[in-house]
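Quick notes on the structure that follows.
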Amino acid sequence: VQSPFPPLPPVSEANVCDLMFGRPDQESIQRCKFRFCANWPDYAIHIEENTGRKRTYKQLVKRVTLGATALGAPVSSGGLGLSGDGGEIIGLLGDNSLDYIDITVSLLAITIPFALISTHSTCFELVHALKLTKATRLFVDARLLRNVLAAIEDPDVHLTQDKIYVLSGQPADGRQSFGQLIDTVAGKNVPLEPVRRATKDTLAYLIMSSGTSGLPKAVMVTHGNVVCTFYQGMVLGQAMQPFLTPLPSGTMPVTIGVLPMFHTYGLHAYILRMTFFQATYIILDKWNTTKYLNSVTKYRATHLTLIPSAIHQLVNHPDIATADLSSVVAVTSGAAYLPPELASQLGRFLEKNPEIAQGYGLSECTISALVPPIEGMLNMGAPPPKTTGILTPGVEGRIVREDGADAASGEVGELWLRGGNICPGYWNNPEANAGTFVDGWLRTGDQFTVDDKGYFFFADRGKDTLKLSGVQVSPKEIEDALFAHPEKLISDVAVAGVSRGRTEDEKVPRAWIVLSSAGEKKGASAVIKALEQWHHESLSKYKWLRGGIEVVKEVPKTPTGKTMRRVLQDEYEREAKKIGAKL
């Protein structure tokens with residue numbers, strides 16, 4: 001299936017920053033230098049809500065230029081001397097902040113790849129992320145430093161104390177901060193680093209993903225992938241513009257930047273696309289429903305970027321009925337499927353545009369694959385109910401049966417994608433690459449149908465993958481954490497999703513365990529209690545077993561030894577319905 005949008009122009013051999021700040025033209029791409037948007041007056045681009053810090057677009061460009069110099073200038077001049085020769089991976093671990101924005105763009109400018117690490121990471125998860133990405137340096141918020149210092153004690157983490165810097169917060173133990181590095185080069189009037197040349201294949205960043213199965217992996221995203229998404233955004237914007245709800249004359253778009261910037265959605269919405277058009281971004285360090293509603297009212301927010309779990313919290317918050325949302329003209333939901341009923345609940349509070357736009361994407365396709373159609377756009381008429389969207393510009397799609405053949409119109413199958421936004425693969429993981437990236441196609445693992453007009457409809461998640469708080473989680477990751485209990489209390493385990501989520505579509509993880517000899521001696525109740533405490537310490541909260549832990553005699557397997565999770569899930573759902581019927 002081809003995208004219905006006009007074709008994309010050829011992707012330029014350019015650094016992402018040339019397009020972010022050059023708006024772009026061939027001259028700026030060839031010169032590889034920052035250029036102010038020639039026709040734009042200066043304007044307020046950022047307000048950091050928890051500190052009150054404000055800055056304009058030109059102040060942003062100046063700060064990023066100094067940041068690139070602090071990171072890339074020679075050590076003898078006061079910089080870190082990052083040369084871009086392929087030997088460095090910079091880990092980033094921090095909450096949403098102006099510093100987080102600055103360092104990501106600064107690293108892109110000097111072609112030093114960075115690895116985005118979740119601030120929810122426990123020490124156990126942080127060790128895995130540092131081993132996986134092989135980060136050579138790490139910038140971390142001061143509040144998270146203790147966790148990092150514990151993680152680097154692991155002998156397989158090759159990160160030394162002198163390679164750890166403070167990103168935001170008060171530096172401790174004489175440790176240098178990103179801000180201090182900038183102050184040093186600014187004070188010495190060090191010659192400013194130019195934007196370094198990048199090709200389509202230059203690695204831009206690594207972002208963590210569970211992929212379509214298995215343990216978390218590091219997705220490689222190139223400058224070419226990001227540039228392609230910029231072109232997709234421009235083509236999409238031109239097609240959608242005539243049908244969007246207009247702002248009152250003289251009103252500046254205002255967005256609340258609250259989704260985590262270490263996640264694909266937040267990274268692109270608040271950093272990589274922040275110069276697509278003139279807008280003010282209100283940066284919130286983390287999600288808080290009350291604070292979010294207050295910020296929408298206080299700053300007269302016009303555009304909201306949300307995920308289904310956040311929407312669920314909003315519509316069930318006691319202040320939603322009295323909150324002033326009259327300034328909002330557009331709401332976009334991503335990262336997970338948004339049930340129509342939940343979209344309608346939020347829409348009732350939006351007087352200017354009650355429709356919630358949602359699409360479909362994943363880290364492996366940089367950000368988006370399916371985009372929400374608007375009635376009249378591309379002469380396609382009114383979109384059918386419950387459609388997930390149409391292919392984003394420049395993307396091809398297939399619905400593939402289990403036997404590898406293309407499915408018929410309306411038949412359920414796995415969604416495969418191909419285009420310039422599809423990432424080259426997983427970092428240092430040839431086995432996962434072989435199963436996910438096939439002849440230029442990305443196998444998403446998710447089940448869809450497509451009709452004759454090119455509208456796609458979500459059917460089901462990949463067979464094993466769970467979507468928790470907008471993040472893909474592999475059951476195997478939770479299983480491995482349970483197996484890792486030092487007392488070796490279980491001999492087998494299966495984790496699968498069951499109905500207890502905040503939305504009808506969301507499943508929460510449940511574990512079925514088989515006791516080992518040590519577990520039998522301890523007793524079932526004591527084992528469950530021990531495993532609950534252990535996995536709470538080992539895994540981020542959104543991965544906790546909210547569906548419970550159950551002791552079973554055996555985990556059902558196929559003749560080839562594959563866990564039959566569906567058998568356990570179906571049995572649980574049947575019992576849950578029986579209990580519900582009796583109440």
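The values are calculated or read from the model by the stated rules, or taken from the named source; none is laboratory data. For clarity, every value in this text was computed on a predicted model and none was experimentally measured. FYI the Cβ positions are ideal-geometry reconstructions off the backbone, even for glycines, and counts take in every protein chain you see.
A few notes on this one:
Residue by residue, here is whether (1) in a loop (DSSP other than H, G, I, E, B); (2) in contact with a Ser or Thr (Cβ under 9 Å, 6 or more places away or on another chain); (3) not acidic (D, E) holds:
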site: L378; (1), (2), (3): no, no, yes
site: G381; (1), (2), (3): yes, no, yes
site: G394; (1), (2), (3): yes, yes, yes
site: R398; (1), (2), (3): no, no, yes
site: G404; (1), (2), (3): yes, no, yes
site: S409; (1), (2), (3): yes, yes, yes
site: L415; (1), (2), (3): no, yes, yes
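- Flag for A494 being out of contact with any Lys or Arg (no Cβ under 7 Å at 6 or more places or on another chain), at pLDDT below 95 and more than 29 Å from E411 (Cα to Cα): no
- Summed over the stretch 422-445, residues that are part of a loop (DSSP other than H, G, I, E, B) and at positive phi total 3.
- In the stretch 67-108, the qualifying residues are those that are of a type in the set (A, V, I, L, M, F, W, C) and touching a Ser or Thr at 6+ places or on another chain (Cβ under 8 Å), and the one that is farthest from E49 (Cα to Cα) is I89.
- Residue in the stretch 295-308 that is surrounded by fewer than 18 Cβ atoms within 10 Å (Cβ to Cβ), free of Cβ contacts under 8 Å to residues at least 12 places away in the same chain and under 28 Å from L206 (Cα atoms) present: no
- Out of A336, A407, sole residue that is at pLDDT below 90 and under 22 Å from T436 (Cα atoms): A336
- Condition broken by D85, with the remaining ones in (1) of a type in the set (D, E, K, R); (2) in a helix (DSSP H, G or I); (3) modelled with pLDDT under 95 satisfied: (2)
- Subset of the stretch 63-81 (residues that are in contact with a strand residue (DSSP E or B) (Cβ under 9 Å, 6 or more places away or on another chain) and closer than 20 Å to L272 by Cα): R63, L71
- Condition check for A408: free of Cβ contacts under 8 Å to residues at least 12 places away in the same chain, outside the structural domain of R566 (by TED's automatic domain parsing) and of a type in the set (A, V, I, L, M, F, W, C): yes
- Subset of the stretch 141-160 (residues that are β-branched (V, I, T) and either surrounded by fewer than 16 Cβ atoms within 10 Å (Cβ to Cβ) or in a loop (DSSP other than H, G, I, E, B) (or both)): I152, V157, T160
- Scanning the stretch 308-336 for residues that are in contact with a His (Cβ under 9 Å, 6 or more places away or on another chain), of a type outside the set (S, T, Y) and on the phi < 0 side of the Ramachandran plot returns A323, V328, V329, A330, V331.
Residue-by-condition table, conditions (1) within 23 Å of the chain's Cα centre (by Cα); (2) of a type in the set (V, I, T); (3) under 23 Å from L80 (Cβ atoms):
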site: D183; (1), (2), (3): no, no, yes
site: A198; (1), (2), (3): no, no, yes
site: D201; (1), (2), (3): yes, no, no
site: V219; (1), (2), (3): yes, yes, no
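- Restricting the stretch 298-316 to residues that are assigned to a loop (DSSP other than H, G, I, E, B) and among the hydroxyl-bearing types (S, T, Y), the residue that is farthest from the chain's Cα centre (by Cα): Y299
- Among the residues listed as E532, E571, E506, E537, the single one being modelled with pLDDT under 90 and closer than 30 Å to I117 by Cβ: E506
- Subset of the stretch 404-422 [among the acidic types (D, E), closer than 30 Å to M220 by Cβ and surrounded by fewer than 20 Cβ atoms within 10 Å (Cβ to Cβ)]: D406
- Residue identified as out of contact with any Lys or Arg (no Cβ under 8 Å at 6 or more places or on another chain), crowded, with 17+ Cβ neighbours inside 10 Å and assigned to a loop (DSSP other than H, G, I, E, B) among D324, D285, D319: D285
- Scan of the stretch 534-550 for residues that are closer than 12 Å to L482 by Cβ and polar (S, T, N, Q), ordered by number: S538
- In this entry, D99 passes the filter for residues that are surrounded by 15 or more Cβ atoms within 10 Å (Cβ to Cβ) and modelled with pLDDT of 95 or more.
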